[in-house]
Amino acid sequence: MVGGVERLRVVRGRYFPGRVVLLFVCESPPSVSRFFYFRNSVLYFATFCAFSRVFGVGEPEFLDFFAGMGCYVYDLFEEPGKRVDEVGEEELFLARERLAGFLRRERPRLVVVTPKRIVERVDVRALAR
């Protein structure tokens, strides 16, 4: 599993924008084989479809375009499949602290939390202060 998590980290790093403008905060990658930056997750396809309609971007260049627009996907947990409602308070606290540091460092203009059911547990507004 560690090798898989490291692979996710490396691939994600290729698409880190110079400046984060729009941040998508998710729980975790769905699995080591399914991942936004592998171009094969539900979030990837939904996001690509929306961007394609609005900006006319094609699929081969989408991830570069996404990063170039200042967009980035941040997972609270690196371990694939981990869910907010399945972790202890300490682990959630540490994940929120990491996110708070990221928000303070990057200062995105807009944050989208998905899935909706985690919005209250994550509380991005409180973390960004």
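The values are calculated or read from the model by the stated rules, or taken from the named source; none is laboratory data. A quick note: this is a predicted structure, and the numbers were derived from the prediction, not measured. Note: ideal-geometry Cβ built from the backbone for every residue, glycine included; neighbour counts use all protein chains shown. To get the accessible areas, we keep the full protein, side chains included, count just its heavy atoms, and leave off ligands, DNA and RNA. Shrake-Rupley method; radii C 1.70, N 1.55, O 1.52, S 1.80 Å.
Of all residues in region 36-55, those that are free of Cβ contacts under 8 Å to residues at least 12 places away in the same chain and over 14 Å from Asp75 (Cβ atoms) have Cβ atoms under 9 Å from Cβ atoms of residues that are polar (S, T, N, Q) and open to solvent by 50 Å² or more (accessible area, probe 1.4 Å), 6 or more apart or on another chain, in Asn40/Ser33.
In region 14-33 there is no residue matching the filter, namely being open to solvent by less than 70 Å² (accessible area, probe 1.4 Å), of a type outside the set (Ser, Thr, Tyr) and part of a helix (DSSP H, G or I).
Answer yes if at least one residue in region 75-89 is farther than 20 Å from Pro30 by Cβ and of a type outside the set (Phe, Trp, Tyr), and no otherwise. Reasoning before the result, please.
Residues of region 75-89 that are farther than 20 Å from Pro30 by Cβ, as a first pass: 88-89.
Now narrow it down to the ones that are of a type outside the set (Phe, Trp, Tyr): 88-89.
Yes: region 75-89 contains one or more residues that are farther than 20 Å from Pro30 by Cβ and of a type outside the set (Phe, Trp, Tyr).
Considering only residues in region 34-69 that are within 30 Å of Arg83 (Cβ to Cβ) and among the small types (Gly, Ala, Ser), the one that is surrounded by the most Cβ atoms within 10 Å (Cβ to Cβ) turns out to be Ser41. For Ala95, the requirement of being open to solvent by less than 40 Å² (accessible area, probe 1.4 Å) and either in a helix (DSSP H, G or I) or closer than 19 Å to Val11 by Cβ (or both) is met. Regarding Gly81, is this residue surrounded by fewer than 15 Cβ atoms within 10 Å (Cβ to Cβ) and assigned to a loop (DSSP other than H, G, I, E, B)? For Gly81, the condition - surrounded by fewer than 15 Cβ atoms within 10 Å (Cβ to Cβ) and assigned to a loop (DSSP other than H, G, I, E, B) - is met. Only residues that are part of a loop (DSSP other than H, G, I, E, B) and farther than 22 Å from Leu103 by Cβ were counted in region 46-70, giving 6.
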